[in-house]
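To start, the structure itself, in structure tokens.
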Amino acid sequence: MCLAIPMKVKSIHGAFAAAEAGGLLREINIQMLPGVRIGDYCLVHAGFAIQKIDPERARQTLSLINEIR
Amino acid sequence: MKYVDEYRSRSRAKKLSAQIKKIMPPREIKFMEVCGTHTQGFYRFGIDKLLPGGLKLISGPGCPVCVSTGGYIDRAIKLAGYKDTIIATFGDMLRVPGGKLDLERQRQAGRRIEVVYSPLDALGLARKNPAKKVIFLAVGFETTAPLIASSIISAKKEKLKNMFFLASLKRIAPAMRYLLKDKRQNIEGFLCPGHVSSITGTRPYEFIPRQYRIACCVAGFEPVDILEGLYFLLRQVVKNRPIVDNQYIRAVNRCGNTYALKLMQQVFCISSADWRGLGKIPESGFRIKKEFRDFDAEKIFSLRQQASGSRQQASCKCSDVLKGLLSPDKCNLFKKACTPEHPVGPCMISAEGACNVYYKYKK
């Protein structure tokens with residue numbers, strides 16, 4: 001029920017944006033992410049962007065795991 | 001898909017699995033995954049097979065559909081019975097049992113009940129059907145609550161006179177506090193919900209290690225996320241140093257999404273709430289504020305708050321399952337009287353209910 005998927009912001013028009021995931025384009029509400037820009041990835045839950053995905057911190061997670069031997 | 005595929009990598013999952021096995025002490029350790037989406041991911045991806053035998057994961061109360069009370073469903077059914085209403089709802093709610101009936105049967109009987117993907121679709125229905133009263137079943141945790149707040153504000157701005165919200169919105173951290181007060185509970189760590197936390201931040205869990213000395217880790221929902229989250233939890237247990245760890249740093253910080261939190265504060269006040277199987281829990285819910293009462297179905301349709309009686313059979317053990325005291329397969333009804341086709345209790349109905357997940361994925 002708290003499902004949210006990462007989508008890429010393609011265009012912004014006011015409180016809404018067009019976002020893409022897996023070839024699917026969808027209009028999302030970005031009112032809760034006022035700083036979001038074209039090219040950003042955000043988590044989308046029931047038609048709303050709820051949080052931006054931080055690319056640097058995403059890399060950190062993966063490199064930490066890659067370091068495990 | 002970016003931010004999905006790399007967290008489903010088999011080699012990364014194997015590394016984490018090996019790491020977990022390496023530090024696992026030779027005794028049984030129980031963690032609770034609070035969120036139903038974690039429960040589903042855990043079995044869907046076969047993560048249970050990657051863990052040492054002694055590490056047990058117990059499902060918690062984190063499925064908003066499962067914890068909606070029979071009384072709430074009955075109020076929705078009553079509203080659906082009025083001639084000029086359209087009920088808009090997330091699909092999972094249709095089969096949740098009320099006192100005698102469920103919404104699915106009402107729909108088959110010709111009541112107008114529409115499944116929507118977003119509360120915004122409900123606003124669309126209200127615009128398209130000005131002669132009807134549209135009532136959205138606003139069910140969810142903190143992930144969903146800000147969306148509802150935003151939609152209520154939109155409805156007010158647009159002066160939509162025919163849009164209403166029947167709210168059953170819940171807060172996770174007070175439910176965790178309630179579980180911890182049960183002396184039968186012997187969990188040593190909480191895998192905390194990633195998407196709730198993307199809104200609330202990690203701060204609401206800080207009382208758990210402080211007051212109860214129980215480990216916490218917020219985790220994402222892909223297999224690598226879940227495994228790393230479990231590794232972080234285990235590391236805390238081994239060192240006997242409980243804190244609130246954050247595995248899902250790409251989407252979660254300590255303070256949450258401040259814009260979303262502001263929307264919630266604007267529209268809701270914190271109240272006690274009824275949870276199916278758990279009862280009334282203080283400060284565990286959101287109520288629509290007076291300023292927005294024109295959109296509060298509870299006020300406008302003067303629905304009487306009834307006791308949350310449901311037709312749940314006495315032998316149904318959903319309440320113990322929700323508390324993490326009983327594994328779904330230990331319930332006498334499981335796979336016999338209770339299946340996804342003919343569910344008895346709410347944990348079998350929701351795709352994220354512990355019983356439903358066990359039925360589908362666990363051998």
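What follows draws every value from the coordinates through simple rules; no lab data is involved. Since the model is a prediction, treat every value here as computed from it, not as a measurement. So basically every Cβ, Gly included, is an ideal-geometry build from the backbone, and we count neighbours across all protein chains shown.
Structural remarks
- Taking θ as phi - 60° and the Karplus parameters 6.51, -1.76 and 1.60, the scalar couplings of the stretch B:211-216 work out to 8, 10, 6, 10, 5, 9 Hz in sequence order, x denoting glycine and proline.
- Length added when fully stretched, B:ASP84-B:HIS342, from 0.36 nm per residue minus Cα-Cα: 89.8 nm
- Neighbour counts of other Cβ atoms within 10 Å put B:ARG10, B:ARG27 in the fewest-to-most order B:ARG27, B:ARG10.
- Extreme residue, positive dipole direction of the stretch B:176-332, given options B:VAL244, B:PHE232, B:SER197 (C-beta unit charges): B:VAL244
- Efficiency of FRET between B:ARG235 and B:LYS360 - r from beta-carbon atoms, R0 41 angstrom, step 0.05: 0.85
- Each label was represented as a point 7 Å from its Cα along the Cα-to-Cβ direction; for B:ARG127 and B:ALA109 these points are 3.3 nm apart.
- Taking the stretch B:189-230 and a reference point 7 angstrom along Cα→Cβ of B:GLU283, the backbone N atoms nearer than 18 Å belong to B:197, B:200-214.
- Cα→Cβ-extended label distance, 7 Å offset, between A:ILE68 and A:LEU3, nm: 2.7 nm
- Bridging of B:LYS157 to aspartates and glutamates at a Cα separation below 16 Å is possible for B:GLU291, B:ASP294, B:ASP296, once same-chain residues fewer than 8 apart are set aside.
- Qualifying GluC sites (Glu not before Pro) in the stretch B:18-126, where qualification requires a DSSP coil assignment and no more than 12 other C-beta atoms within 10 Å, comprise B:GLU28.
- Net length available on complete extension from B:TYR117 to B:ARG203 is 28.0 nm, with 0.36 nm assigned per residue and the Cα-Cα distance removed.
- Straight Cα distances below 23 angstrom link B:LYS2 to the lysines A:LYS8, A:LYS10, A:LYS52, B:LYS14, B:LYS15, with same-chain residues fewer than 8 positions distant left out.
- Backbone amide hydrogens, once placed in the peptide plane, bring B:SER68 within less than 5 Å of B:ARG276, excluding anything fewer than 5 places away on its chain.
- Cβ-derived FRET efficiency at R0 25 Å, B:ILE300 paired with B:CYS269, nearest 0.05: 0.90
- Lysine pair count for the stretch B:28-136 with Cα-Cα distance under 29 Å and sequence separation of 8 or more or different chains is 12.
- Partner chain coverage, peptide A:57-69 - average Cβ within 10 angstrom: 5
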